[in-house]
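Student: Below is a structure I'd like to ask you about.
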Amino acid sequence: MNFNLENLVRENIKRLTPYSSARKEFSGAARVFLDANENSFGSPLKRNYHRYPDSLQTEVKEIIAEMENVKQSEIFVGNGSDEAIDLLFRIFCRPRKDNVLICPPTYGMYQVAAEINDVGIKRANLTADFQLDFQRINQAIDENTKLLFICSPNNPTGNVHAKSEILNLAKSFGGILVVDEAYIHFSSEKSLVGEINDFPNLVVLQTFSKAWGLAGLRVGLALANEEIIALFNRVKPPYNVSQTAQEALIEALKNKSEVEKTIVEIVFEREELIEKLKGFSCVLKIYPSDANFVLVKTTNAEEIYKFLLDEQIVVRNRTNVELCAGCLRITIGTPDENESLLKALEKYQKLYEKSFIY
Ligand SMILES: *Cc1c(COP(=O)(O)O)cnc(C)c1O
């Protein structure tokens, strides 16, 4: 389509003179740093936390660039991928003028970020079996639709959308196509990161919060061509990823094989749990999953949710979400945790069957 990045960017962002931090103006080797009003005497922690972190996370990006086979200039590192989502709104969407398109049921942050930024939200619901509805999508798009969010594998449904379908959307859409791959590591489908050079309007989001097991660090990525990443860097807070997060991430990135092992374990546990859940009469349907959770349609989501809480097991009740009536979203736990869940469900079912007889 007639994609033109220049026309999509908000005027105030084009005009902006980005904040210039002390460490950005001077990044060479020096003996004495008296430029950033840090505490030169240090901190109680006796580590290098008294210095501001690298605002462009160069060392982190070096490793990720090699791992993902992209250039450093094609990577944005954020305070969680939620930061990348918010920045997309601030770069592209004029409050009260522009809109974004989401495909519910999907990740809740897209709508929250839209509301915070006072940007309109259009919805093209997935089909009953959670596939993209291209007719609805194309009908919903108008000349002010700046962002289209596709979550794949999708949260909370767990299914992955075919790469070819997403790329067809990228071709036909004149705005920015955001593909949220938070769960891609658990999927049989390949990432779209390799396509960012062929699709100038494609932004791929990934996170270290799920497969990498680093939700507490708050690190996420946006991968896109370098023109789009340059916009992220203009708008982001200068020191958006802390020194602790950068150091810990560098250490974690050296242990990728460990992460790959846990992914295999989680996928194995997922299929085990699905098989065992099939034996419960309170389970009506288990949706196929390419993620580290399963969406389960039950006879009474509210009641089972509360029962599990009494058993000190917390799952996600999605019964009030579009197309998810009766559904619970269950994260795959360790073998012990999954066993606890199954035991609790057995207990629920025994009680339920008794009350049914009376
Ligand atoms: C969990 C999740 C994220 C992760 O957000 P972070 O801010 O990186 O922790 C992003 N997108 C989806 C769809 C998620 O489920």
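The values are calculated or read from the model by the stated rules, or taken from the named source; none is laboratory data. The model shown is predicted, which means the values in this text are computed figures rather than measured ones. Cβ sites come from the backbone with ideal geometry, for glycine too, and all protein chains shown count toward neighbours.
Student: Quick check on region 62-88: of everything there that is of a type in the set (Asp, Glu) and farther than 16 Å from Ala230 by Cβ, which residue is nearest to the ligand (Cβ to nearest atom)?
Tutor: Asp82
Student: Let me ask another. So Ala215 fits all but one of (1) within 11 Å of the ligand (Cβ to nearest atom); (2) touching a Phe, Trp or Tyr at 6+ places or on another chain (Cβ under 9 Å); (3) within 28 Å of Asp133 (Cβ to Cβ); (4) of a type outside the set (Ser, Thr, Tyr); what number is the exception?
Tutor: (3)
Student: Collect the residues in region 319-341 that are under 19 Å from the mean Cα position of the chain (by Cα) and either under 15 Å from Leu284 (Cα atoms) or without any contact (Cβ under 8 Å) to a residue 12 or more places away in the chain (or both), keeping them in residue-number order.
Tutor: Arg329, Ile330 - these are the residues of region 319-341 that are under 19 Å from the mean Cα position of the chain (by Cα) and either under 15 Å from Leu284 (Cα atoms) or without any contact (Cβ under 8 Å) to a residue 12 or more places away in the chain (or both).
Student: Which ranges mark the strands (runs of 3 or more DSSP E) fully within region 162-271 that have 2 or more residues being small (Gly, Ala, Ser) and either touching a strand residue (DSSP E or B) at 6+ places or on another chain (Cβ under 6 Å) or surrounded by fewer than 16 Cβ atoms within 10 Å (Cβ to Cβ) (or both)?
Tutor: Fully inside region 162-271 and qualifying: 220-223.
Student: Would you check which residues across region 275-303 are among the basic types (Lys, Arg) and touching a residue at least 12 places away in the same chain (Cβ under 8 Å) and list them?
Tutor: Lys276, Lys285, Lys297 - these are the residues of region 275-303 that are among the basic types (Lys, Arg) and touching a residue at least 12 places away in the same chain (Cβ under 8 Å).
Student: Next question. Please determine whether any residue of region 263-271 is within 14 Å of the ligand (Cβ to nearest atom) and at negative phi.
Tutor: No, region 263-271 has no match at all.
Student: Moving on. How do the pairs read when you match residues in region 262-274 that are within 18 Å of Leu214 (Cα to Cα) with residues anywhere that are among the polar types (S, T, N, Q), using Cβ under 6 Å and keeping only pairs 6 or more apart or on different chains?
Tutor: Ile266/Asn292
Student: Test of understanding: among Cys103, Cys93, which residue is more than 30 Å from Phe33 (Cβ to Cβ), away from the ligand (no atom under 16 Å from the Cβ), at pLDDT 95 or above and not aromatic (Phe, Trp, Tyr)?
Tutor: From the options Cys103, Cys93, the qualifying one is Cys93.
Student: Can you go through Val9, Val32, Val60 and tell me which one is β-branched (Val, Ile, Thr), at pLDDT 90 or above and exposed (fewer than 12 other Cβ atoms within 10 Å of the Cβ)?
Tutor: Sole residue among the options that is β-branched (Val, Ile, Thr), at pLDDT 90 or above and exposed (fewer than 12 other Cβ atoms within 10 Å of the Cβ): Val32.
Student: Using beta carbons and a limit of 6 Å, which pairs, at least six apart or on different chains, have the first residue in region 223-240 and outside the structural domain of Ile64 (by TED's automatic domain parsing) and the second one of a type in the set (A, V, I, L, M, F, W, C) and surrounded by fewer than 21 Cβ atoms within 10 Å (Cβ to Cβ)?
Tutor: So the pair list comes out empty.
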